[in-house]
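Working notes, beginning with the structure itself.
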Amino acid sequence: MDETRLYPLRFEPIYQYRLWGGRRLANLLSAPLPGDGPIGEAWVLTDRADHQSQIANGPLKGQTLGQVMKRFPESLMGKLSSRFTHFPLLLKFLDAHEMLSVQVHPSDAHPDLIPEGDTAKTEAWVVIDAAKGSQIYAGLKSGTTAGSLKESLLDGTIADHLVSISPNPGDAVFIPGGTVHTLGDDVVVFEVQQNSDTTFRLYDWGHIDPETKKPRALQVDEALACIEFGGSNGGLISPRVETTSPAERERLFDCHAFRLWRLLGQDRFTVGAKGEPRVLVGINGSGQLIYDGTTYTIGKGDVWLLPAEAGECQFQPSGEVNVLEIAIP
């Protein structure tokens, strides 16, 4: 009989080289960046065969998220344990110093475009930092057709067909599967997405990969096949304030794959939920998570997984905090 009890779990980031990346994640995360090249992504919670988050605290330190999913399915996932054999979300921080490729992810409406073992991919961004010229594109302008979009790939005018957003810190952008999107020119975001790594590139701004000295591969036919040309509900969203005391709780995203709230305040508030896991992400400030008589410090850039058996916990801020809380529907 396994007598180990689960507790709030902190994870180490997995840094990813990206040619469009920068070095600003060093200002957000405590783990030092490797080398001196461009780091575009920090995968901060992942349960994939090729990338497994490792626990950084407590008796389970060094074990992976996948191992804990197998060892403690009911304790970790609660009422969701029968639905998932792998943790269904992938969480990242992105530092887009240059523009990412213009890309699209498949939705459930196109199972033929989803590789075996993967899923559709809906995602969302919360802007952490942005420069004066930063840019986000999310969705197609009205009237754009497959023909006109394909023509724009040849003459480099694709941006003329994309809905443009000038991002500010705190902005929330929803990217359902089938939505054309990109971002860059010095913007840092937190990303929540389905646990999928399926991406189809439409256009790559003439980027040359310095490692291969060649352009990156495009998947134009696959991308065009899964774009929702009739319009999507993606783009910039308006937060919905659910409570204002003891902390302001704003609901940013509520879709089939995830729910996400932003918690702002300096007084003690409740996090977590009975019978289901929750994820906490520190954006600004710090505080103490209190569970079963033990305190756990949550600081800027930290990612913590609250197991289902933890239920509701108390969070005591050390001054003003900005914390994201994520649920699985």
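The values are calculated or read from the model by the stated rules, or taken from the named source; none is laboratory data. In this text, all values refer to a predicted model and were calculated from it rather than measured experimentally. Here Cβ is always computed from backbone atoms with ideal geometry, including for glycine, and neighbour counts include all displayed protein chains.
Out of curiosity, is Ser101 outside the structural domain of Cys255 (by TED's automatic domain parsing), farther than 30 Å from Leu305 by Cα and modelled with pLDDT under 95?
Spelling it out, it is not the case that Ser101 is outside the structural domain of Cys255 (by TED's automatic domain parsing), farther than 30 Å from Leu305 by Cα and modelled with pLDDT under 95.
Could you look through region 302-328, keep only residues that are out of contact with any Lys or Arg (no Cβ under 7 Å at 6 or more places or on another chain) and part of a loop (DSSP other than H, G, I, E, B), and pick out the one that is surrounded by the most Cβ atoms within 10 Å (Cβ to Cβ)?
Taking the candidates together, the pick is Pro307.
Hey, can you tell me all the residues within region 217-249 that are in a loop (DSSP other than H, G, I, E, B) and either modelled with pLDDT under 95 or loosely packed, with under 12 Cβ neighbours inside 10 Å (or both)?
Across region 217-249, the qualifying residues are Ala217, Glu228, Phe229, Gly230, Gly231, Ser232, Asn233, Gly234, Ser238, Thr244, Ser245.
Show the residue pairs meeting these rules: Cβ distance below 8 Å; 6+ apart or different chains; first residue within region 4-27 and loosely packed, with under 15 Cβ neighbours inside 10 Å; second residue part of a helix (DSSP H, G or I).
Arg5/Ser75; Arg5/Glu309
Those residues that are crowded, with 21+ Cβ neighbours inside 10 Å and over 23 Å from the mean Cα position of the chain (by Cα), I need them from region 266-295; list them, please.
Phe269
Go through region 157-181 residue by residue and tally those that are on the phi < 0 side of the Ramachandran plot and in contact (Cβ under 8 Å) with a residue 60 or more places away in the chain.
13
From Ile128, Ile165, grab the single residue that is closer than 21 Å to Phe253 by Cα and either in contact with a Gly (Cβ under 8 Å, 6 or more places away or on another chain) or at pLDDT below 95 (or both).
Ile165
Before we move on, is Leu90 out of contact with any Gly (no Cβ under 9 Å at 6 or more places or on another chain), surrounded by 19 or more Cβ atoms within 10 Å (Cβ to Cβ) and part of a strand (DSSP E or B)?
Yes: the conditions hold for Leu90.
Looking only at region 16-33, count how many residues are more than 21 Å from Tyr296 (Cα to Cα) and in contact with a Phe, Trp or Tyr (Cβ under 8 Å, 6 or more places away or on another chain).
Of the residues in region 16-33, 3 are more than 21 Å from Tyr296 (Cα to Cα) and in contact with a Phe, Trp or Tyr (Cβ under 8 Å, 6 or more places away or on another chain).
Picking from Asp221, Asp204, which residue would you name as being assigned by TED's automatic domain parsing to the domain that holds Ser107, within 21 Å of Asp95 (Cβ to Cβ) and not small (Gly, Ala, Ser)?
That would be Asp204, the only listed residue that is assigned by TED's automatic domain parsing to the domain that holds Ser107, within 21 Å of Asp95 (Cβ to Cβ) and not small (Gly, Ala, Ser).
Of the residues Asp36, Asp95, which is more than 26 Å from Gln288 (Cα to Cα) and within 17 Å of the chain's Cα centre (by Cα)?
Just a single option satisfies the conditions, and that option is Asp95.
Just to be sure before I move on: is Gly178 farther than 26 Å from Leu25 by Cα, in contact with a Cys (Cβ under 6 Å, 6 or more places away or on another chain) and of a type in the set (Gly, Ala, Ser) in the structure I sent?
yes
I'm trying to understand the selection: among the residues of region 39-85, which are among the β-branched types (Val, Ile, Thr) and crowded, with 17+ Cβ neighbours inside 10 Å?
Listed by number, the residues that qualify are Ile39, Val44, Thr46, Ile55, Thr64, Val68.
Surrounded by 20 or more Cβ atoms within 10 Å (Cβ to Cβ) and either in contact with a helix residue (DSSP H, G or I) (Cβ under 9 Å, 6 or more places away or on another chain) or outside the structural domain of Leu45 (by TED's automatic domain parsing) (or both), is that true of Ile158?
Taking the combined requirement at face value, the residue satisfies it.
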